[in-house]
Amino acid sequence: MRGIYIVIPTYNESENIQDMIKIIRSIDCDYHIIVVDDNSPDGTAAVVQEMQKSSAFIHMVKRPGKLGIGSAICDGIKTALSSADCQYIVTLDADFSHNPADIPILLEVAENADMVQGSRYMEGGKITGWTWRRKFISRTANCLYRYLLNIPQHEITTSFRVYSRKCAECITQYVNTDRYEYGLATALVIRDNGFKVKEVPIEFVDRTRGKSKLKVSDIVYSLRYLAYIFILRLSRNLGIQRFIRFCIVGTTGIIINQGLLWVLTDKLGIYYLYSALISIEGSILSNFVFNDLWTFRDKRRISSPVFIRLLKYNLLCAVGSSFNYAILWFFTDILHFYYLLSNLFGIAAALAWNYTISLNWAWVSLGIKKKKSNGK
Ligand SMILES: Nc1nc2c(ncn2[C@@H]2O[C@H](COP(=O)(O)OP(=O)(O)OP(=O)(O)O)[C@@H](O)[C@H]2O)c(=O)[nH]1
Ligand SMILES: [Mg+2]
């Protein structure tokens with residue numbers, strides 16, 4: 001099959017890259033392979049250079065140092081696009097977590113889509129070799145991305161994808177993220193520009209050779225990026241004045257929740273999980289009252305009666321509150337965090353849920369329309 005460019009970002013993959021290239025070439029020797037290496041200290045580039053001697057279909061982009069997987073993929077895509085014959089661009093990891101044998105399957109589906117991705121978190125998908133902790137982090141990140149930003153795919157963090165030329169051009173125009181937040185940034189650009197996405201279930205297998213490059217700082221960076229995009233979009237959708245009120249009400253809710261929990265537990269000696277029931281409900285009520293009287297005051301006339309709004313809000317918050325409660329218990333009893341810190345994590349999850357939902361339902365008549373926008 002002609003016009004197919006396979007982009008593989010590498011950093012210290014000398015143990016994997018040779019086999020990966022050989023296998024891809026055994027599937028179809030007309031595939032072009034572009035390795036984007038960040039001056040790997042283990043000599044990955046030298047392995048690729050040696051293989052280049054025997055094939056004009058193996059290319060390499062050499063970068064001066066570790067600049068991040070996201071920008072590596074983008075640079076690889078740009079290189080592919082510089083060839084006029086490029087029709088589809090496949091991106092995958094070098095560590096065999098993505099099975100190169102799945103490439104033709106994704107390419108077949110790509111005939112009727114702008115982007116096709118291999119997803120672990122859809123029916124038929126699978127993860128092999130990961131610890132429950134790793135699965136938990138990845139699952140949580142994907143849930144946050146999907147539900148906070150309303151992205152339809154089952155998985156946002158996968159880099160096993162096929163892009164049509166048109167879709168790839170759009171991505172190189174709008175996406176300029178460096179690290180693992182690339183998955184989210186591209187998903188947003190793809191959605192906002194109305195590209196057709198299809199998913200194929202894949203088995204993701206943990207690497208057996210080489211080390212993972214994912215660090216805690218990458219996770220923090222991705223969460224920061226998510227928070228930035230979420231706040232940016234929320235403020236755009238709400239309008240700046242309403243957004244500021246929303247934030248102030250949210251902050252008072254946090255103070256009430258934490259304050260009540262501390263007073264009831266530390267001062268009155270009540271078991272923290274019983275105190276939490278009261279503190280959580282206290283913050284729900286205060287959030288409702290302030291939002292109703294202040295943030296969405298102008299919408300009250302066209303909304304349902306106050307007790308219906310309160311009931312709806314409480315029902316909706318029940319889910320967020322269960323997150324708050326479960327996370328409080330999990331971090332305190334299982335991970336042995338200080339209970340007020342655990343509660344902060346719980347509140348963060350509940351806030352994210354409650355605000356997303358309340359925007360869409362509790363003040364349904366509030367007339368906030370979702371705007372279309374590009375990635376950022
Ligand atoms: N060029 C380049 N490639 C990178 C960089 N970071 C990671 N990679 C490559 O991107 C692919 C995925 O990286 P991994 O370390 O496997 O990270 P991951 O797949 O997100 O995490 P694991 O689940 O632990 O495998 C691999 O081929 C890496 O070599 C980087 O900064 N620059
Ligand atoms: Mg990997």
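The values are calculated or read from the model by the stated rules, or taken from the named source; none is laboratory data. Keep in mind the model is a prediction, meaning the values are calculated, not measured. Heads up: the accessible areas ignore ligands, DNA and RNA and are worked out on the full protein's heavy atoms, side chains in. Shrake-Rupley method; radii C 1.70, N 1.55, O 1.52, S 1.80 Å.
Each stretch of four or more DSSP H residues adds -39500 (n - 2.57); spread over every residue of the chain, this sum gives -17000 deg cm²/dmol at 222 nm.
Length gained on full extension, Gln173 to Asp19, computed as 0.36 nm times the residue gap minus the Cα-Cα distance: 52.2 nm. If you sort Thr208, Thr157, Thr131 by accessible surface, 1.4 Å probe, largest first, the order is Thr208, Thr131, Thr157. Once all protein chains are placed together, Arg207 keeps about 40 Å² accessible to a 1.4 angstrom probe. Region 213-256 and region 144-159 have Cα centres separated by 17 Å. The residues of the chain expose, per residue, 47 Å² of accessible area to a 1.4 Å probe. Annotation: amide H-H contacts under 5 Å for His59 (H modelled 1.01 Å from N, sequence separation of 5 or more, or interchain): Ile33, Ile34, Val35.
Annotation: amide H of Asn39 within the under-5 Å range of Arg63, sequence separation 5 or more or interchain, hydrogens built in the peptide plane.
Helix screen, the chain: DSSP H segments with Cα axial length of 27 Å or more and mean Kyte-Doolittle hydropathy at least 1.0 are 240-262, 306-329. The amide H of Glu155, built 1.01 Å from its N in the peptide plane, has no neighbour under 5 Å, considering only residues 5 or more places off or on other chains.
Ignoring any ligand, DNA or RNA, what whole percent of the accessible area of region 4-221 comes from carbon and sulfur when the probe is 1.4 angstrom?
Heavy-atom surface of region 4-221 belonging to carbon and sulfur, 1.4 Å probe: 52 percent.
Among beta bridges identified by DSSP and lying wholly in region 4-221, the antiparallel ones come to about 25 percent.
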